[in-house]
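Have a look at the structure that comes next, please.
The values are calculated or read from the model by the stated rules, or taken from the named source; none is laboratory data. Bear in mind that the values here come from a model prediction, so they are computed numbers and not experimental data. Cβ placement follows ideal geometry from the backbone for every residue including glycine, while neighbour counts extend to all protein chains displayed. Just so you know, the surface numbers come from the protein's heavy atoms only, side chains and all, with ligands and any DNA or RNA stripped out. Shrake-Rupley method; radii C 1.70, N 1.55, O 1.52, S 1.80 Å.
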Amino acid sequence: APPPPTNLTVIYKVEYGETLQFKHPNGVVQKFEQWKSYPNDALNLVTLTNEKLADGNNYQYATKPLASPGFDPVDIPILYMTGDYDFTFKPAEVENLRKFITGGGTIIFNAARGREEYSRAVIREMRRVFPQKSFMRLPEDHPIFNARFRVKEVSMLLNGVQASRPPEIYSIDIGTRAA
């Protein structure tokens, strides 16, 4: 018999980056932690997951600094990182990601508002994590697009403009797994 429904923390939103500031046209300066530029994104993600799966579980997320020890994919299988701006991983973050991913974990990067600056930083920094690996675009028949629901189209922002198009996911393979 399956276990009874439970609260499951399945994703860490990783804390990374620097304190950034944005100067508004009226001169007001707003400061924020880079990883918090979208404070409700992980909450929205697990809320949508709970609504769509409706399997009786209450999936949750937690936050954790990427440089801290103890990222175990057996306990928390997914890391989630979102942003707009360039970033650089610290050496401890590079090592933690390498251990987590080779141990079976998955990291999801989300270029908020479709910003190329963030996407370029992801590619550059993941080359530090896995120097011998390259990103490749997953084909539309990949299991990730067909596991529980068939995903043919998604809404996304491309350089700040809302668009609807086929999903576009790039991955680094570890063995036969899209990590």
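Of all residues in segment 40-87, count the ones that are of a type in the set (A, V, I, L, M, F, W, C), closer than 28 Å to Thr102 by Cβ and open to solvent by 70 Å² or more (accessible area, probe 1.4 Å).
Total meeting the criteria: 1.
For Ala54, are the conditions met, namely being of a type in the set (Gly, Ala, Ser), closer than 21 Å to Phe149 by Cα and without any contact (Cβ under 8 Å) to a residue 12 or more places away in the chain?
It is true that Ala54 is of a type in the set (Gly, Ala, Ser), closer than 21 Å to Phe149 by Cα and without any contact (Cβ under 8 Å) to a residue 12 or more places away in the chain.
Let me ask another. Got at least one residue in segment 139-147 being modelled with pLDDT under 85 and either more than 26 Å from Glu93 (Cα to Cα) or of a type in the set (S, T, N, Q) (or both)?
Yes; the residues of segment 139-147 include at least one that is modelled with pLDDT under 85 and either more than 26 Å from Glu93 (Cα to Cα) or of a type in the set (S, T, N, Q) (or both).
While we're on this one: Output the number of residues of segment 46-70 satisfying the condition of being in contact with a helix residue (DSSP H, G or I) (Cβ under 6 Å, 6 or more places away or on another chain) and part of a loop (DSSP other than H, G, I, E, B).
Residues meeting the conditions: 2.
Give, as residue ranges, the strands (runs of 3 or more DSSP E) completely inside segment 71-176 that count at least 1 residues that are without any contact (Cβ under 8 Å) to a residue 12 or more places away in the chain.
So the answer is 154-158, 161-165.
I'm checking my understanding of the structure. Among residues of segment 8-39 that are open to solvent by less than 50 Å² (accessible area, probe 1.4 Å) and assigned to a helix (DSSP H, G or I), which one is nearest to Leu79 (Cα to Cα)?
For segment 8-39, the residue satisfying everything is Trp35.
Of these, Phe100, Phe145, Phe87, Phe149, which one is within 17 Å of the chain's Cα centre (by Cα) and more than 23 Å from Trp35 (Cα to Cα)?
None of the other options fit; the residue is Phe145.
For residues that are in contact with a helix residue (DSSP H, G or I) (Cβ under 8 Å, 6 or more places away or on another chain), of a type in the set (S, T, N, Q) and modelled with pLDDT of 90 or more, tally how many sit in segment 3-39.
Residues in segment 3-39 being in contact with a helix residue (DSSP H, G or I) (Cβ under 8 Å, 6 or more places away or on another chain), of a type in the set (S, T, N, Q) and modelled with pLDDT of 90 or more: 1 in total.
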